[in-house]
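Presented below is the structure to which this report refers.
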Amino acid sequence: MNQFLSGLDFRLMALAFKFRDFFLPRKYILQEVGIKPGFYVLDYGCGPGSYIMPLAELLGEGGKIYALDINPLAIQMVKKIIFQKGLKNVATIESDGKTGLADNLIDVVLLYDTFHHLHNPNEVLKELHRILKPGGILSFTDHHLKPDEIVEAITKGNWFRLSFKGKRTYTFTKI
């Protein structure tokens, strides 16, 4: 990933996300993904944790959320959510790319508005392919890219194929 945002920039972004989430709750985005109770989900580039609570509700106690971000402030904000809500099924990963997760562990990866920040997107896609279960889902959106750029970028390494274009997200399946 690129250098993380400064403290002030990150806090301003987090505040803007609160307004965004008020008008378009993240649970509506997640409805396109097909997440089921008990799934293991990686929120790659989790930011201030907008998806943590909606994911926790969808997954139930049997599921697991991994929240990864390069920015220590993001991880701090997610840890605050974990503590305040008493969540037991959320783990944070502070990383610039590698997840440290086992092969074939994850059912769904959320890669939302992060791709355009990546220094080496192919290495990240390779890592996501490694940790996804066979047939696992990469849910993707990035408002900085055009639709044809999205499909080309995600499918060119032959790790994923487009399986569904939703209203707000693209669903790619691990090949």
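Nothing in this text is a laboratory measurement; each read-out follows from the coordinates by a stated rule. All of these numbers come straight from a predicted model, not from anything done at the bench. Every residue, glycine among them, receives a Cβ derived from its backbone with ideal geometry; neighbour counts consider all protein chains shown.
Can you tell me how much longer the chain between T155 and K98 gets when fully stretched, taken as 0.36 nm per residue apart minus their C-alpha distance, in nm with one decimal? Mind dumping the intermediate values first?
Details: separation 57, 0.36 × 57 = 20.52 nm, distance 2.01 nm.
Length difference between fully extended and current span is 18.5 nm.
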Problem - Cα centroid separation, region 35-72 to region 137-175 (Å) - result: 20
Exercise for the section: Could you tell me which of rounded, prolate or oblate describes the chain, using a ≥ b ≥ c as the square roots of the eigenvalues of the alpha-carbon gyration tensor, with rounded for a/c under 1.5 and, failing that, prolate when a/b is larger than b/c and oblate otherwise? Expected result: rounded
Completion exercise
Pairs over 31 Å Cα to Cα, from K133/K156; K79/K146; K85/K165, come to K79/K146; K85/K165
Exercise for the section: Determine the percent antiparallel among the DSSP beta bridges restricted to region 7-174, to the nearest 5. Expected result: 30
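Counting Lys and Arg as +1 and Asp and Glu as -1, what is the net charge of the other residues whose Cβ lies under 10 Å from the Cβ of D69? Display every interim value, and only then the final one.
Details: positive: none; negative: D43, E94, D96.
With Lys, Arg at +1 and Asp, Glu at -1, the net is -3.
Contact order normalised by length for the chain, with contacts defined as Cα pairs under 8 Å and 6 or more residues apart; what percent is it? It would help to have the intermediate numbers written out before the result.
Details: 308 pairs, mean separation 35.0, N = 175.
Here the relative contact order equals 20 percent.
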